[in-house]
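The values are calculated or read from the model by the stated rules, or taken from the named source; none is laboratory data. Please read these numbers as outputs of a predicted model, since none were measured by experiment. All Cβ positions, glycine included, derive from the backbone under ideal geometry; neighbour counts span all protein chains shown.
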Amino acid sequence: MKPQPKKEIAIDWAGKNVNLIYFYASVDALEDMREFGTVESVSNYNQYRLEVDKRYDFDEVVKYIQEYNG
């Protein structure tokens with residue numbers, strides 16, 4: 001049986017000092033993240049970079065992603 005993702009989104013790396021979060025996401029979860037800043041695709045399959053909008057608290061966005069349930 002082919003392994004399947006256990007979550008719709010998972011953080012790969014988060015850097016508060018540069019306001020960036022690298023994450024893997026399903027298409028649905030990706031759309032929800034666009035609300036929090038600029039999202040760009042990076043070289044890996046289903047990996048993205050979010051530059052968090054300064055209006056949002058960085059730690060709150062990280063926590064939201066960690067607890068994301070779609």
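The table for this structure:
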read-out	value
Test result for Tyr68, buried (at least 16 other Cβ atoms within 10 Å of the Cβ), part of a loop (DSSP other than H, G, I, E, B), of a type outside the set (A, V, I, L, M, F, W, C) and at pLDDT 95 or above	yes
Selection within segment 39-50 - of a type in the set (S, T, N, Q) and either exposed (fewer than 11 other Cβ atoms within 10 Å of the Cβ) or in a loop (DSSP other than H, G, I, E, B) (or both)	Ser43, Asn44, Asn46
Every pair of residues 6+ apart whose Cβ atoms lie under 7 Å, when the first sits in segment 12-31 and is closer than 9 Å to Leu50 by Cα and in contact (Cβ under 8 Å) with a residue 24 or more places away in the chain while the second is surrounded by 15 or more Cβ atoms within 10 Å (Cβ to Cβ) and among the small types (Gly, Ala, Ser)	Ile21/Ala14; Phe23/Ala10
Qualifying residues in segment 3-23 (those that are touching a Lys or Arg at 6+ places or on another chain (Cβ under 9 Å) and of a type outside the set (A, V, I, L, M, F, W, C)) - the one farthest from Asn69 (Cα to Cα)	Asn19
Test: Lys63 is assigned to a loop (DSSP other than H, G, I, E, B) and either loosely packed, with under 14 Cβ neighbours inside 10 Å or more than 10 Å from the chain's Cα centre (by Cα) (or both)	no
Index of the failed condition, Leu20 passing every other in (1) modelled with pLDDT under 95; (2) in contact with an Asp or Glu (Cβ under 8 Å, 6 or more places away or on another chain)	(1)
Qualifying residue in segment 2-14 (condition: surrounded by 13 or more Cβ atoms within 10 Å (Cβ to Cβ) and either acidic (Asp, Glu) or in a helix (DSSP H, G or I) (or both))	yes
